1. Determine, from the Cβ-Cβ distance of GLU150 and ASP274 and an R0 of 35 Å, the FRET efficiency 1/(1 + (r/R0)^6), rounded to the nearest 0.05.
2. Hey, what's the per residue convex hull volume over the C-alpha atoms of the chain, in cubic angstrom?
3. Taking the Cα atoms of region 82-177, what is the range of coordinates along each of the three principal axes, in descending order and whole Å?
4. Can you compute the modelled spin-label distance between LYS249 and HIS185, with each label point 7 Å from Cα toward Cβ, in nm?
5. State the volume of the convex hull built on the alpha-carbon positions of region 171-270, expressed per residue in Å³ and rounded to an integer.
6. Hey, which of these cross-link pairs are over 26 Å Cα-Cα: LYS126/LYS253; LYS74/LYS249; LYS74/LYS364; LYS74/LYS158; LYS74/LYS110?
7. Name the residues whose placed amide hydrogens come within less than 5 Å of the amide hydrogen of MET175, ignoring near sequence neighbours (fewer than 5 apart) on the same chain.
8. Using only Cα atoms, figure out Rg for region 11-152 and give it as a multiple of 2.2 N^0.38 Å.
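Every number here is computed from the coordinates shown, using simple stated rules; none is lab data. Since we're looking at a predicted model, the values are computed, not measured. As a convention, Cβ positions derive from the backbone with ideal geometry for all residues, glycine included, and neighbour counts pool all protein chains shown.
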Amino acid sequence: MAEAMINQRVLAWAVDRSDVPLETVAKKVAVKPERIENWILGDDRPTFRQAQSLSAALHIPFGYLFLKEPPEEKLPIPDLRTVGSDPARRLDTNFRTLLNDVLFKRDWFKDFVAEYDGKKLGFVGKFGLDDDPKEIASDIRKTLYGEHGEPITPNWEKHLRMLITKAEEAGIWVMRNGVVGSNTHRPLSVSQFRGFAISDSVVPLIFINGRDAPAAQIFTLAHELAHIWLGESGISNVMLGETDLGTHKRVEKKCNQIAAEFLVPTARFRARWDEEDALDVNADRLAKFFKVSRIVIVRRAFDLGLVSESDYRHFYARESARWDPETSDNESRGNFYNTLPIRNGSHFTNAVVRQAMSGRLLLKHAASLLNTQPASVVSFYRKALGGR
């Protein structure tokens, strides 16, 4: 059978870019890992059928394998992730596919919003990096909660859902998903990213990695809200366990300060912190009061000099050990009528479905926007939106 004259350097780039173990790639191509290693070294070449299987397994166009050099892939939004003083490792194919899918949805939604409303939102980019985090956090609270103040919620899980709802009511498109589209075989990696924001005066967007522990998602949401208020797009990977929250970049540090002040205002926190109480007692009591996780509370205490670094590291290690990454995305893996608007954002989902059912949008196009089937779009309309 004829050999495919692929470029071994491109294959090596594609394997590294995929962030998938070689054994997994080999299984999809139906060869042994050693065979792929030989292809990378140039000691052997795949057949055309094997090369096609490689492109599918590595999520790259088939033609890429024959390029003279690996393509340069530029991200449409800034990558603000760092590890210490160095840039984080390259984003994998699952993230890149996800981002392309989000931008595909965004193109349609921006046109839709421009046609039906299109007003600019005053809070997007309202502040700069030199402004006081307390003032910015206060403005976020006022915008989301209005004159009546923060709604009462029974726990921090419902508090997170309330925050998402309030953000969407303010005009911010919030998506939360743990997989690429609806493909459960392509989970998103928390080690890669926790969230990103696309600042836009008409359609600002926030994406939260649903694979992350719920305890971390609430801080990610607050962090991305800060990005919107600063008018700064970017990909983030907040690391609550690191003393510097895993970043040295100015915009990320600023967003972390704003997020902490938004979730747990300094004055209210200091007034309720009791130095006579044990750390766990303070964590339990204040987590219930502020409707955030125990880790966010103890992190706030550390940032304000109320807890030592060693005590915080010990607490974080003990608390994070309880997180089960396999169950983090439960909410977006449940009932279809609940998960669709969580994964795609409620306003976007409703707009797509209603446009399709009114005949202004092809069902096939609507299904591709929502990563589902045409029949599911109709079913969602009938059961979730009360259509007949």
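1. 0.95
2. 168
3. Over region 82-177, Cα extents along the principal axes are 44, 43, 33 Å.
4. 3.3
5. Working: hull volume 10.9 nm³, N = 100.
For region 171-270, the hull spanned by Cα atoms encloses 109 Å³ per residue.
6. LYS74/LYS364; LYS74/LYS158
7. Distant-sequence amide H within range of MET175: ILE206, PHE207, ILE208.
8. That ratio works out to 1.58.
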